[in-house]
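To start, the structure itself, in structure tokens.
The values are calculated or read from the model by the stated rules, or taken from the named source; none is laboratory data. Everything quoted here is computed from the prediction, not taken from an experiment. Every residue, glycine among them, receives a Cβ derived from its backbone with ideal geometry; neighbour counts consider all protein chains shown. Areas reflect the complete protein model, heavy atoms only, side chains present, ligands, DNA and RNA absent. Shrake-Rupley method; radii C 1.70, N 1.55, O 1.52, S 1.80 Å.
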Amino acid sequence: DAFEWENKEREKLRRKLRQTLTESLTIRSWANDYLSFVQMHLAKKTYQEKKAAMKRFVDFDQVSSGMEVENVDRYLCASHLSDQMKARSGNAVNKDRKNLGAAWQWARENIRDWPVGENPFLAVAKKPEERHPRYVPPEVDFWKVYDHVAGLAEEEPTDHHIQDRVMLLA
């Protein structure tokens, strides 16, 4: 029964995809198709991130959801990403650039008659980022922490304290 149900669901998805391919290539149809794919195949957090990036793009004053995707070019994308820099960090804007570029690439591979040529989002240079290097403590500090945890494990040998000591050495 489960196998039959899976086959029926696959066929429904195939029919929906065929129907979608015959519709005009608007930003709305592209966004809906891509986000449906992401929701079915990727983690919830990834879906929310990609949905938010797509929403910011559609909400941009030079874009409308009914706009044809063939009107999306590198200059429109550059304008959108530059506008985002007013309120967001370079790191955040670059994440949107990556997500929108991935959505464009997905469409190129999965939607018939998708415009050929460059990916307009990835054609825009990355925005300046603020790097945050990871802190690696000096070895002396590591051993201080280890000695403290080892003391706890000896005074009160609970599984938690012993595990902490083992994990530090790992």
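In percent, rounded to a whole number, the relative contact order of region 1-117 is 30, using alpha-carbon pairs under 8 Å and six or more apart. Pairs of Lys residues in the chain are counted when their Cα atoms are under 16 angstrom apart and they lie 8 or more places apart or on different chains; the count is 17. Each residue of region 91-108 was assigned a 3J(HN,Hα) from its phi angle through the Karplus expression (A = 6.51, B = -1.76, C = 1.60, θ = phi - 60°), giving 4, 5, 5, 5, 5, 5, 4, 5, 5, 5, x, 5, 5, 5, 5, 4, 5, 4 Hz with x at Gly and Pro. With the simple model of a label 7 Å out from the Cα in the direction of the Cβ, residue 16 to residue 160 spans 4.6 nm.
Calculated on C-alpha atoms, the gyration radius of region 1-76 divided by its Kirkwood radius gives an Rg/Rh of 1.07.
Comparing 147, 33, 73 in a Gaussian network model of the chain, where Cα atoms under 10 Å apart are tied by springs, the biggest mean-square fluctuation is seen for 147. Heavy-atom accessible area, probed at 1.4 angstrom with all protein chains present, ranks 9, 118 as 118, 9, highest first.
Computed over every Cα-Cα pair of the chain and binned at 5 Å starting from 0, the pair-distance distribution P(r) comes out as 1, 7, 12, 14, 12, 9, 6, 6, 7, 8, 7, 6, 3, 1, 0 percent. When the Gaussian network model of the chain links Cα atoms closer than 10 Å, the mean-square fluctuations of 140, 124, 72 top out at 140. Here the label points at residue 6 and residue 98, each 7 Å from Cα along the C-beta direction, are separated by 3.2 nm in the simple model. If you line up the long axis of helix 44-59 against the longest principal axis of the chain, both from Cα atoms, how many degrees apart are they, to the nearest 10? For 44-59 against the chain, the angle is about 40 degrees.
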